[in-house]
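Asks: Questions regarding the structure given below will be posed in turn.
The values are calculated or read from the model by the stated rules, or taken from the named source; none is laboratory data. No experiment lies behind these values; they were computed from the predicted model shown. Heads up, the Cβs are rebuilt from the backbone with ideal geometry, glycines too, and the neighbour counts pull from every protein chain shown.
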Amino acid sequence: MSENGHHIVSPKIYAAILAALLLFTWLTVQAAKIDLGPWNIVLALLIATIKMSLVILFFMHGKYSPKRTQIVIVSGFFWLAIMLGLTLTDYTTRHPEPSRSANPPAIAIHRA
Amino acid sequence: MQSQLPLYPESASNFAPDVDGLMLFIIAVCIFFAVAITIAVIYFFFRYKRKEPGDIGAPIHGDMRLEITWIVVPFFLLMAMFGWGAVIYVDYRHTPADTLDVYVIGKQWMWKLEQPNGRREINELHVPVNRNVRLVMASEDVIHDFSVPAFRVKMDVVPGHYNTMWFRPTKAGRYHFFCSQYCGTSHAIMGGWVTVMEPDEYAAWLAGTSGTSDPVALGAKLYNELACGTCHLPDGKGRGPSYNGVYGSKVKLADGSTVVADEAYIRESILQPNAKIVAGFQPVMPSFQGLVSEDQILALTAYIKAQKDQPVPGKSDAAAPATGKK
Amino acid sequence: MSGTNNPGGEHQLPREHYLNATYGIRSWLLTTDHKRIALLYLASVTFFFFVGGIFATLIRIHLLTPAGYLVTPETYNKLFTMHGVAMIFFFLIPSIPAVLGNFLIPIMVGAKDLAFPKINLLSWYIYVVGGCFVLYSFATGGLDTGWTFYTPLSSIYSNAAVTPAVIGIFINGFSSILTGLNFLVTVHTMRAPGMTWFRLPLFVWAHYATSLIMILGTPVIAITLLLAGLERMFHFGFFNPAYGGDPILFQHLFWFYSHPAVYIMILPAMGVISEIIPTFVRKPIFGYSFIAASSIGIAVIGFIVWAHHMFLTGEATYAAIAFSFLSYLVAIPSAVKVFNWTSTLYKGSISWDTPMLYALGFIGLFTIGGLTGLFLACLGLDIHLHDTYFVIAHFHYIMVGGAVMGYVGGLHFWWPKITGRLYPEFLARTAAIILFVGFNLTFFPQFILGGLGMPRRYHNYPPEFQVLNVMSTAGASILALGYLLPMIYLTWSMRYGKIAGPNPWPATGLEWKTASPPLTENFHETPVVDWEPYDFVHRPDLGLTGSKPKLPGKLSPAHGDD
Amino acid sequence: MHRTGELYGQYKTLDQQKETATLGMWIFLVTEILFFGGVFLTYSINRHQYPTAFGVGGNMLDLFLGGANTVVLIASSFTMAMSVWSAQTSKKAWVTLFLIATLILGTVFLGVKVVEYKQKFDHHLIPGHGFDITYCSKSPAAVCGLSEKEHADEVKEVKDAIETEGGVTALNAHAQLYFSLYFGMTGLHALHMIVGAGLLLWLILESRKGRFDANYNTPVENVGLYWHFVDIVWIFLFPLLYLINRHLA
């Protein structure tokens, strides 16, 4: 970027991205109305990720940025993944316990 | 109990020898490295003290073999510590099947413990020697932590979770237990004693009289302490309905339906007062969620039950007297 | 002073420098000069060090007797909480980065200022505003949640002034973020010609790693405390068990920042030590690239170990095993640093100047602090030692023995650069020794107390623990004296100290190539770097003419393996 | 305020100055990712625990308003991108125009958000003592502006949820978690929008003076980056908050 001047993205691409984003928005609303079991959330997040990538790559010029900027962007998401991923290792491998609920657990203890 | 300057706690459970062995290993490794580095530093410090103001040192930039050595050797030592520690921890987190279960409730700032036969204790825990004991622990308010240094065990007591821990006492005696997770003002006095007894002594102790007091009296005390009486007047003319004769009766609600005033209804009325509003009253009562414990709800329920035979105040309206809402 | 590049003549202060460029209170409060901002930070972190220090003193006096000597339990709880909050968020985290880092990083990389000077000033103001909120909380009811703010104690049950404190720390976080952002961008884009990545001083590498943690970790503590604050203020529920929320989740989020935050405190101190040692040993640092890489390694691995604070919360066994393993990995880069520093001493020409005493003290204390971390990372031992005084002793060895020793040592080392004057050497050496002795006497007994099972945050304790507690309190009084001394003679030397000259030690870094104190724009013209870091052999400009030992034929492994 | 393309003292070249500003902005956005990451994590864990209550809560949001807002925000991202393009190609009048369009769209978004918040308030969905997830299902359909069919669906859904959660108390508690997160997440997002709107206002005033052209457009570009980032946050909030278990309704 600093060496070869500034990349200018043409309005045509912007318009195309706008159209794609709107299409995906419609798609995600439609997909949500169908019962796919656990896949609903996966699909919704997948579509959101695609939309995000489009915004970053084109609206935010991520595709045309110098490598250093791209590394910064990727490392942001990498650290987010560390935070989510490692915390979920705890939650997904816990032994099933009596459900946490609004009532203090003393109840079950008295029943026991 | 011990000399003036104790250096290590007593060893009184199955975990103590394991933990102490590991502790000795890590202490040995640490002392080796700490002493080696200290000696090296002090030796170099005197050996290479500057002689002339303009002197400079030998231009040594590094050595790859040394770097690799002091990455690889510590790595294996560290893995040994990790592995050994993990073995003990896995053992600690996997309770054996044949345990004596004691229920532990932590609340600001006391421990309530309940033996398998229902015998209750406050800030005291009696367990038999050489028997696997499991503590099933819950908190009524904030996070606490049940810690017995002589057993080398501790575990957080978290509201909304059941945490369990286990140990096998190996030596009769009395040992401190502490609350080890900071829990507010009197955190430091939230502790007590674990008494490890011979099995026959324990059996005799367990068979002794229970420590619980009369729930009705307890409920009456709470009725005063929580100022229930400022609204729930016995004559039914307060802002809330009277308790008299309410237990077991049918209560007419503001939405026109009726419910039977049973335990569940009383409990709900204490915790979610606005869920069912008695006809003729306003939804003004605050929730007592978090203010009263389950023990106390039981006591209050017992107290309300005891008012069953009291005369119902006001006009007696066929099946549904204007009562019933706490 | 041993060794000077101008042995004959007396030095003069430069005619114009950053301190006398402009005058008046406005010229300080509206300055964008990184050096002046550093001094603003110096004043404010010193203030908070005093506040935290007074709380610490009261704590130690209170613990003289088993029943507690001085204050009520409520007050005691507030004392240790406020001690922690003041020291961690308002002294340790900003100390070296915001004072020494701010002053030195632009000069070390050969720039006129940081990349964003106005943002730099803004971050000081943010710090002050955050500090005011926290002081307001201290003054109006105090804070009794522990510096960890564990829910639901902090969000539901505490009756103290938690809300302003949480807001203050939230605000202060942005100061940290902006400082880190400024350093990162400066190191990337503002380096002088010839200042390649592997010619950067290790101090800059350490701050680069620190900045990574600041920008990646701090936003998480900000959002965490914000959520806890919302829970407290508006009956929202995020972690509230009454709504079915999970208090353990708060701890995950909290430690995601607060464990790496330990490295925010220690990494810059390691950077300071990596500067002091080669200067006073007059030889290149042993294993430059390994020390640089280990800083980055600590920053990265430091992010994936946080749940070792939670082994006993009911965390899943598998997760605990994974986090214990990762925690042991972070010990390796720390060990690499210690071994390399020690090896640097070999065949050096070691002077016994004050900064060097601090550096050696640092190596000793950090080694003990680091090694006792191995006990706590160990799953089996943590069951016994978690939340006892062992933990207190361990992290004070790292934070006071490590970070504060590094900070005070660094202040001495760069004091001539900052003020243009030397401190009184004899007093300084005395203070360094007093600090070392007082520190060990204060905190070593606490390891034993922890082993005995004395829980932390106790305002009273069983009588059998008294002897050790008295020892600790005695040490604390020596330690307090040790801190007062530098405070006095450093202030004295600002006016009456001997004029230092541009490079009194002499040292090899770019900061010693400019005047002491430096110009407002640091250098008359942009410097060009054509030497390797810590190279004394090819630097005739340092004026070192004495003999140098011959290069050894091969290194003796006898010393290397310790 | 500096003149167009002025070089600050600490930089050597304009290129360096621009590069520095852009890098700084991206690093700031990385901290924002982690900032929002914290709430997203809180959301994920709680949703993982209470899928039913979160489903019920999600279905009480207005899908039409949420969807419309998504469209509005995406459109504003487009106009923002276009204003950057206009600056890069020195079409000075268009810069201002597109910035104004962006600001208007952003304001519309915030307006719709206010309408939604008001609706939640009326429906007793603000966490706290007055919270009652069953309010709309207990009340006649017209109270919450539902059609008879929608109302019947909601009654059934709430009834089923009470059964699954083991009582109305539990459902209310867990639904409060959902609405705490709803207000926390959308509130934080709205706060970022407000900051963004302030920045846009500043840019519009500057742009009217003709400041931004092919030589100097860093502020437009960097505010643009920020605005797109805020858009991205919403791209995730929309499905997570509005669309979860929509198929059950």
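Asks: Which one of the conditions (1) at pLDDT 95 or above; (2) in contact with a Leu (Cβ under 7 Å, 6 or more places away or on another chain); (3) surrounded by 22 or more Cβ atoms within 10 Å (Cβ to Cβ) does D:Ala53 fail to meet, given that it meets all the rest?
Replies: Of (1) at pLDDT 95 or above; (2) in contact with a Leu (Cβ under 7 Å, 6 or more places away or on another chain); (3) surrounded by 22 or more Cβ atoms within 10 Å (Cβ to Cβ), only one is false for D:Ala53: (1).
Asks: Moving on to the next point. (1) surrounded by 21 or more Cβ atoms within 10 Å (Cβ to Cβ); (2) without any contact (Cβ under 8 Å) to a residue 60 or more places away in the chain: which one isn't true of C:Gly451, the others all being true?
Replies: So the condition that C:Gly451 fails would be (2).
Asks: Hey, can you tell me all the residues within the stretch C:309-329 that are among the β-branched types (Val, Ile, Thr) and either crowded, with 23+ Cβ neighbours inside 10 Å or free of Cβ contacts under 8 Å to residues at least 24 places away in the same chain (or both)? Explain how you work it out, then say what you get.
Replies: Narrowing the stretch C:309-329 to residues among the β-branched types (Val, Ile, Thr): C:313, C:317, C:321.
C:Thr313, C:Thr317 - these are the residues of the stretch C:309-329 that are among the β-branched types (Val, Ile, Thr) and either crowded, with 23+ Cβ neighbours inside 10 Å or free of Cβ contacts under 8 Å to residues at least 24 places away in the same chain (or both).
Asks: Right, here's the next one. When the stretch B:267-283 is examined, which residues are found to be part of a loop (DSSP other than H, G, I, E, B) and among the basic types (Lys, Arg)?
Replies: Within the stretch B:267-283, just B:Lys276 meets the criteria.
Asks: Being part of a helix (DSSP H, G or I) and closer than 21 Å to B:Ile105 by Cα is the filter; apply it to the stretch B:284-303 and report the residue that is nearest to the other protein chains (Cβ to nearest Cβ).
Replies: The selected residue is B:Glu294.
Asks: Determine the pairs where a residue that is more than 7 Å from chain C (Cβ to nearest Cβ), located within the stretch B:55-83, has a partner that is among the β-branched types (Val, Ile, Thr) and part of a helix (DSSP H, G or I) with Cβ atoms under 9 Å apart, the partner being 6 or more residues away or on another chain.
Replies: Going by the 9 Å Cβ cut-off, the qualifying pairs are B:Leu77/B:Val29; B:Ala80/B:Val29.
Asks: For the structure I just gave you, tell me whether A:Leu21 is assigned to a helix (DSSP H, G or I) and without any contact (Cβ under 8 Å) to a residue 24 or more places away in the chain.
Replies: no
Asks: Of the residues that sit in the stretch D:81-140 and are within 30 Å of B:Pro283 (Cβ to Cβ) and among the hydroxyl-bearing types (Ser, Thr, Tyr), which one is surrounded by the fewest Cβ atoms within 10 Å (Cβ to Cβ)?
Replies: D:Ser139
Asks: Further, regarding this structure: Looking at the structure I just gave you, is B:Tyr103 part of a helix (DSSP H, G or I), in contact with a strand residue (DSSP E or B) (Cβ under 6 Å, 6 or more places away or on another chain) and among the hydroxyl-bearing types (Ser, Thr, Tyr)?
Replies: no
Asks: So which of B:Arg168, B:Arg174, B:Arg134 ends up being among the basic types (Lys, Arg), more than 9 Å from chain C (Cβ to nearest Cβ), in contact with an Asp or Glu (Cβ under 6 Å, 6 or more places away or on another chain) and within 17 Å of B:Asn14 (Cα to Cα)?
Replies: B:Arg134
Asks: Whether any residue in the stretch C:35-58 is within 14 Å of another protein chain (Cβ to nearest Cβ) and either assigned to a loop (DSSP other than H, G, I, E, B) or under 30 Å from C:Phe465 (Cβ atoms) (or both) is what I want to check.
Replies: Within the stretch C:35-58, not a single residue is within 14 Å of another protein chain (Cβ to nearest Cβ) and either assigned to a loop (DSSP other than H, G, I, E, B) or under 30 Å from C:Phe465 (Cβ atoms) (or both).
Residue by residue, here is whether (1) more than 23 Å from the chain's Cα centre (by Cα); (2) among the small types (Gly, Ala, Ser); (3) more than 12 Å from chain B (Cβ to nearest Cβ) holds:
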| residue | (1), (2), (3) |
| --- | --- |
| C:Asn460 | yes, no, no |
| C:Pro463 | yes, no, no |
| C:Val467 | yes, no, no |
| C:Ala480 | no, yes, yes |
| C:Tyr489 | no, no, yes |
| C:His524 | yes, no, yes |
| C:Trp531 | yes, no, yes |
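Asks: Return the pairs, sorted by first residue and then second, in which the second residue is among the acidic types (Asp, Glu) and crowded, with 23+ Cβ neighbours inside 10 Å, the first residue lies in the stretch C:178-195 and is closer than 17 Å to A:Arg68 by Cα, the beta carbons are less than 9 Å apart, and the residues are 6+ apart or on different chains.
Replies: Partner pairs satisfying both residue conditions: C:Thr186/C:Asp113; C:Met190/C:Asp113.
Asks: Related question: With the stretch C:314-404 as the region, which helices (runs of 4 or more DSSP H) entirely inside it contain at least 1 residues that are facing chain B (nearest Cβ under 8 Å), touching a helix residue (DSSP H, G or I) at 6+ places or on another chain (Cβ under 8 Å) and of a type in the set (Asp, Glu)?
Replies: On the way: elements: C:317-345, C:354-377, C:379-385, C:389-396.
So the answer is C:379-385.
Asks: Of the residues B:Ile31, B:Ile26, which single one is surrounded by 13 or more Cβ atoms within 10 Å (Cβ to Cβ), of a type outside the set (Phe, Trp, Tyr) and part of a helix (DSSP H, G or I)?
Replies: None of the other options fit; the residue is B:Ile26.
Asks: Given the conditions (1) modelled with pLDDT under 90; (2) touching a helix residue (DSSP H, G or I) at 6+ places or on another chain (Cβ under 8 Å); (3) buried (at least 21 other Cβ atoms within 10 Å of the Cβ), and given that A:Pro98 satisfies all but one, which numbered condition is not satisfied?
Replies: (3)
Asks: C:Val537 - would you say it is modelled with pLDDT under 90 and over 25 Å from the mean Cα position of the chain (by Cα)? Break it down into steps so the answer makes sense when it comes.
Replies: Numbers: modelled with pLDDT under 90: yes; over 25 Å from the mean Cα position of the chain (by Cα): yes.
For C:Val537, the condition - modelled with pLDDT under 90 and over 25 Å from the mean Cα position of the chain (by Cα) - is met.
Asks: A further question follows. For D:Gly187, indicate whether it is free of Cβ contacts under 8 Å to residues at least 60 places away in the same chain and more than 14 Å from chain A (Cβ to nearest Cβ).
Replies: yes
Asks: Looking at the stretch C:215-225, is at least one residue part of a helix (DSSP H, G or I) and over 30 Å from B:Pro159 (Cα atoms)?
Replies: yes
Asks: Here's another thing I want to ask about it. When you scan the stretch D:209-228, do you find a residue that is in a helix (DSSP H, G or I), of a type in the set (Lys, Arg) and either within 13 Å of chain A (Cβ to nearest Cβ) or over 16 Å from D:Leu29 (Cα atoms) (or both), even just one?
Replies: no
Asks: If we only count strands (runs of 3 or more DSSP E) wholly inside the stretch B:179-266, which ones have 2 or more residues that are within 26 Å of the chain's Cα centre (by Cα)?
Replies: B:192-197
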